[in-house]
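Participant: Here's a structure for you.
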Amino acid sequence: MKIKTALMGAVAAVAMAPAAYAERGADGNVNILYWQAVSIMNPYLSSGTKDVEGSSLVLEGLAGFNEKGEVIARLAESVPTVENGGVAADLTSITWKLKPGLLWSDGTPVTSADAKFTYEYCTHPEGGCAQAARYEGISSIETPDDLTVIIKYAAPKPNPYTAFVGATSPLLQKAQFEKCLGAAASTCTTENTYPIGTGPFTVKDFKVNDVVMLEANPNYRDPAKPAFATVTLKGGGDAQAAARAVMETGEFDYAWNTQINPELQEQMKAGGKGVFLIGYGTLVERLEMNMTDPSPSLPEGERSTTKHPHPFLSDIKVREALSKAIDRETLVAIGYGDSGRATCNLVPAPEMFASDNTGCIPQDVDGAKALLDEAGWTDTDGDGIRDKDGKKLSILYQTSSNPVRQDFQAVIKQWWNDIGVEVELKVVDASVFFGGDAGSPDTFQKFYADVEMYANNFDGTDPEPYLAQYLCDKIPGPENQWQGENINRFCDPAYDAMVEELSKTAEMGKRAEIAKKLNDMLTKDSFVVVPLVDRGRLSAASNTLGGTILNTWDSELWNASDWFRVK
């Protein structure tokens, strides 16, 4: 089946449920807990999920994705397709039409110039954009009138729902951000924390890595929404405390990413104040292997950059040995139970894009030891730690603060110790780890460690932009304010060429085949990414909060405009 044909029927006609309220702001305040606190309200300067999703209360794209992964219109009148003429028959352009009368929260009109500016903002050669892959392949954007946005591609674009679609690619107001282009982007503190948006809420007060206070947008396009007058978006604590605050104490209405073990889930359900929302998408807990040297002995600005290859993780045998030593089924049992599945894939879904890559699941300690022997790492002094050329095989393994992740760190450390690898554990506050502060040494983008662990996923149901994050030109570094998406600094011209091939391939079967190959190049062929668990999303909602629908394909706050207080 050609993707052109698929596009003709891919967009859902979504029937909206009748409003459960009749007046904007009638339901008072809603308390939302993102225990990984929001650091910034501009998703172009942070790839941390908590920042992307917090921003989605304020900033919107032309379209988004619903809970089924279908494209839905937001600021656009409708979703362009081949059938309705919005996508060119040769797939080289897509034409979006803005809804007439849209206003920014400051009362000024939303125009096509804002969309074009947003593209220029993210693709500025002197800037660092955390979502640059969303704009891959665009040759130009034309705005023949105030309501028309024409995106032109350098080659046929089988999946045109990337730029301005989903929470990672919203519109910025040109009037507010036009002085924030390029290297100035990260210096625009007010703009990045108090953005003018089109979403259901606006920022009233912002405290970095703590709390965001929001209020209903007086110019939101639906005069009856949102039902809540204000939002308290609180950060801090951990997943367990967040779940308890909804499920047991009732202090909060919604808690994101309540990543707790199955036993605790069952205990908290007995509290009777809320429910856990569970859904599978593309969220994979993984280890990223640093292909560059993070040694503090290197000059600042050169650590974890391509100037210095990693002294031992550059060897695939070492990376594969570390993977073989891990028992993924045990990790699932420890951390997730029925809401997790052992995986070897970076792209676990949709099914047509998932590789039959299962070789990593059985633990193979003897195989891991054999690989390290072959690589020349042996225990010459009998202390249980392998060495080579006078250097110990010693790893700094970092992740964010989270009880499940600390459990994973402990058992993985033991497995690696068992094969002769010395391991130092580092835990970073989640709000800092996933923040976009270019000056912090502790962000996951800066990657001042040998190995780091976190989870990530992609918008929508097509993995092309996600896989494009591992292109050579997406590597974080001081020249782009450490905002690149290629976290482990992997660079393979063959991989880049295959991503380009994917971007030009229309037939769905062939797209799936290429995507699987790209997944395998990152995982079983190179072990630069070591997937661990295909995680179900697990969040908690109060019994008194209505309208919540868990969405694993876009922001979890995707329909906050529809939330209401159950009377």
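Participant: Which whole-number percentage describes the relative contact order of the chain, with Cα contacts under 8 Å and a sequence gap of 6 or more?
Facilitator: 22 percent.
Participant: Distance in nm between label sites at ASP525 and LYS99, each 7 Å beyond Cα in the beta-carbon direction?
Facilitator: Result for the modelled spin labels: 4.4 nm.
Participant: To continue, here is another question. At what distance in nm do the modelled label points of GLU300 and VAL365 sit from each other, each positioned 7 Å from its Cα along Cα→Cβ?
Facilitator: Result for the modelled spin labels: 4.4 nm.
Participant: Please state the relative contact order of the range 474-518 as a whole percent: Cα pairs under 8 Å, 6+ residues apart?
Facilitator: 26
Participant: Let me ask you something else. Find the centroid of the Cα atoms in the range 285-322 and in the range 350-419, then give the distance between the two in whole Å.
Facilitator: Rounded to whole Å, the Cα centres lie 15 Å apart.
Participant: Under a 5 Å amide H to amide H cut-off, with H placed in plane at 1.01 Å, what residues pair with GLU507 once short-range neighbours are removed?
Facilitator: The list, which skips near neighbours in sequence, is ILE3.
Participant: Specify the inter-centroid distance of the range 35-96 and the range 124-146, based on alpha-carbon positions, in whole Å.
Facilitator: Here the answer is 14 Å between Cα centres.
Participant: In nm, to one decimal, how far is the modelled label at ASN543 from the one at LEU425, with both set 7 Å along Cα→Cβ?
Facilitator: 3.7
Participant: Amide H of HIS308: which non-local residues (sequence gap of 5 or more, or other chain) have their own amide H closer than 5 Å, using H built in the peptide plane?
Facilitator: Answer set, sorted by chain and number: ASP293.
Participant: So what's the gap between the Cα centers of the range 458-530 and the range 180-202, to the nearest angstrom?
Facilitator: 28
Participant: Another question, then. With equal scatterers on the alpha carbons only and no solvent term, can you work out the Debye log10 of I(q)/I(0) for the chain at 0.09, 0.13 1/Å?
Facilitator: Results for the chain at q = 0.09, 0.13 Å⁻¹ read -0.66, -1.41.
Participant: Another question, then. Run lengths n ≥ 4 of DSSP H only: what is the helix-derived mean residue ellipticity at 222 nm for the chain, with -39500 (n - 2.57) per run over all residues, to the nearest 500?
Facilitator: -6500 deg cm²/dmol
Participant: Could you give the radius of gyration (one decimal) and Dmax (whole number) of the Cα atoms in the range 137-288, in Å?
Facilitator: 20.3, 59
Participant: Could I ask something else about it? Could you pull out the chymotrypsin sites (Phe, Trp or Tyr not before Pro) across the range 501-566 that fall in loop regions by DSSP (anything but H, G, I, E, B) with no more than 11 other Cβ atoms inside 10 Å?
Facilitator: Those that pass, being in a loop and sparsely packed, number zero.
Participant: Using only the Cα atoms of the range 300-434, each taken as one equal point scatterer with no solvent, compute I(q) by the Debye sum, divide by I(0), and report log10 of the ratio at q = 0.13, 0.18 Å⁻¹.
Facilitator: Result of the Debye calculation: -0.68, -1.20.
Participant: Mind checking the full-extension length gain between ALA184 and GLU263? Use 0.36 nm per residue of separation minus the Cα-Cα distance, one decimal, nm.
Facilitator: Residue separation times 0.36 nm, minus the Cα-Cα distance, leaves 23.6 nm.
Participant: Give me the percent relative contact order of the range 329-419, please, defined on Cα pairs under 8 angstrom at least 6 residues apart.
Facilitator: Dividing the mean separation by the residue count of the range 329-419 yields 23 percent.
Participant: Scan the range 260-356 for trypsin sites (Lys or Arg not before Pro) in coil per DSSP, keeping those whose Cβ has at most 15 other Cβ atoms within 10 Å, and list them by number.
Facilitator: For trypsin sites (Lys or Arg not before Pro) across the range 260-356 that sit outside H, G, I, E and B with at most 15 neighbouring Cβ atoms in 10 Å, the list reads LYS307.
Participant: Here's something else I'd like to know. Restricting to DSSP loop positions (anything but H, G, I, E, B) with no more than 14 other Cβ atoms inside 10 Å of their own Cβ, which trypsin sites (Lys or Arg not before Pro) remain in the range 47-87?
Facilitator: LYS68
Participant: Roughly what % antiparallel, to the nearest 5, for the DSSP beta bridges in the chain?
Facilitator: Within the chain, antiparallel bridges account for around 75 percent of the total.
Participant: Report the extension gain between GLN406 and ALA89 in nm, rounded to one decimal, defined as 0.36 nm multiplied by the number of residues separating them, less their alpha carbon distance.
Facilitator: 109.0 nm
Participant: Using amide H atoms built in the peptide plane, which far-off residues or other-chain residues are under 5 Å from GLY340 H to H?
Facilitator: For GLY340, whose amide H was placed from the backbone, the distant partners under 5 Å are GLY536.
Participant: How large is ³J(HN,Hα) for each residue in the range 348-356, as worked out from phi by the Karplus curve 6.51 cos²θ - 1.76 cosθ + 1.60 (θ = phi - 60°), to whole Hz, x for Gly and Pro?
Facilitator: Whole-Hz 3J(HN,Hα) from phi for the range 348-356: x, 7, x, 4, 5, 9, 8, 5, 7.
Every number here is computed from the coordinates shown, using simple stated rules; none is lab data. In this text, all values refer to a predicted model and were calculated from it rather than measured experimentally. Note that each Cβ is placed from the backbone with ideal geometry, even for glycine, and that neighbours are counted across all protein chains shown.
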